[in-house]
Every structure is written in C-alpha cells, then in structure tokens.
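*Asks:* So that we are looking at the same thing, I have put the structure below in structure tokens.
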Amino acid sequence: MPRPIYRSALTILTLILCSLAHAQSNYFQVKKVKTKELNFPIFSGSVNVTVTKNINELLQLSELQLLEGHQQNNIFENVSVDRGTIYGGKVNIDYTVLSNNSKLLSVKFDEASCGATCTYWVQYYNFNAGNGSLIQLSDLFTKNGFSAFRDLVLKRRTRKFKQEIQQLDSNTRDMRMAVLSGRKQ
C-alpha cells in the first residue's frame, strides 16, 4: 500500500490518540538545533535516559543520516550536500511536536530538497513515550483488523486509479487496465 495512505491514516490515529491521552504536557524537553533553513529537535528529560536516546537516534539516523556528536561541521552536513542527484540535498527541514506527554511523543517533519528539481514531503514519527519504541500503523490494529484496513484502502485506491485511467486515450487505458487486472502485455 502506498505510503501517503499509511501516513494519512497514521496521522488521523495519532490525533485521536492525542485527544485521548490524559497525561502531563511537555513530558520531553526539546532543544532546537538549527541553521538558516534547517531545524531539528533533540529530546531530553525522560525519566529513562535510554528512551530519549532511542528516540533521538532513530530520528537522527532516519532524517539526518548522522548522530549528534559525530559531525565535523554541523548535524545537517550529510543531508544538506547536493551530490549531483536529481533531488540534491535537503534545503529545508522544519518540525512540529504534535504531542508530548507520558504516553505519546509525535513529531511531524516538513522537508524539501533541491538538485536538478525540487521535491517536498511530510514525515511523521510517533513514539511510545514510556519505552521509546516507534509506533507503526500496524501496532494500532489486530492482525486481522490491519489486513482488513489494508484491503479496504487498496480497494479504494484501485477504484480511484481506474477512474483516472478512464480519462486516458484507449491504447494507454488498455495497457494500464491490463496491469491492474494482472494480465501480461
């Protein structure tokens, strides 16, 4: 299933969890590391140091490809460099802490990179504040419930895709429909 659907569903579920969480605010302290266009959170203050270490390491390796303390110039040096690829290096990172309590830490990143062309995206991370583990969408369902959810989303996306295909010329439409139905070309 495409990532945008998972992200949308995870965002909705995160907001629901946030509204249901009856815990203290600002469970973690947040230090902002920044340059002109790049901002990144470093969390501290959990009762268990291992929890914040796990959260920070996952975020830093996923988003920065570098752990704080191992940089030569700044924490953004690995991802802000344009190495001649189509999307180049990251030119913008901003974050919003959506939830920060003893049950849930939820962080949204708005990012952009530019090289030959530019691209923009949003990335969400939701952590169990008690143990620092990343919460996956599948963690919020039973095995059968997640399978049913996945099938429902796939069915809806396929229906919408077929509607879009109907707008194409007949040769292109036939080729796309064959792919969707599993027929060989």
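The values are calculated or read from the model by the stated rules, or taken from the named source; none is laboratory data. In this text, all values refer to a predicted model and were calculated from it rather than measured experimentally. Here the Cβ is made from the backbone with ideal geometry for all residues, glycine too, and neighbour counts use every protein chain on show.
*Asks:* Can you list residue pairs whose Cβ atoms sit under 6 Å apart, with the first residue in the range 56-68 being of a type outside the set (Asp, Glu) and the second being in a helix (DSSP H, G or I)? Count only pairs 6 or more apart in sequence or on different chains.
*Replies:* These pairs meet every condition: Leu67/Gln60.
*Asks:* Might you let me know whether the range 19-39 holds any residue that is among the hydroxyl-bearing types (Ser, Thr, Tyr), surrounded by fewer than 17 Cβ atoms within 10 Å (Cβ to Cβ) and modelled with pLDDT under 90?
*Replies:* Yes, the range 19-39 contains a residue that is among the hydroxyl-bearing types (Ser, Thr, Tyr), surrounded by fewer than 17 Cβ atoms within 10 Å (Cβ to Cβ) and modelled with pLDDT under 90.
*Asks:* Something else: So Phe149 clears everything in (1) aromatic (Phe, Trp, Tyr); (2) touching a helix residue (DSSP H, G or I) at 6+ places or on another chain (Cβ under 7 Å); (3) more than 24 Å from Phe40 (Cβ to Cβ) except one condition, right? Which one?
*Replies:* The single condition Phe149 does not satisfy is (2).
*Asks:* Next up: For residues that are within 27 Å of Gly89 (Cβ to Cβ) and among the small types (Gly, Ala, Ser), scanning just the range 113-144, find the one that is modelled with the highest pLDDT.
*Replies:* Among residues in the range 113-144 that are within 27 Å of Gly89 (Cβ to Cβ) and among the small types (Gly, Ala, Ser), the one modelled with the highest pLDDT is Ser113.
*Asks:* Which count do you get for residues in the range 145-170 that are of a type in the set (Asp, Glu) and either modelled with pLDDT under 90 or under 30 Å from Thr85 (Cβ atoms) (or both)?
*Replies:* Residues that pass the stated criteria total 2.
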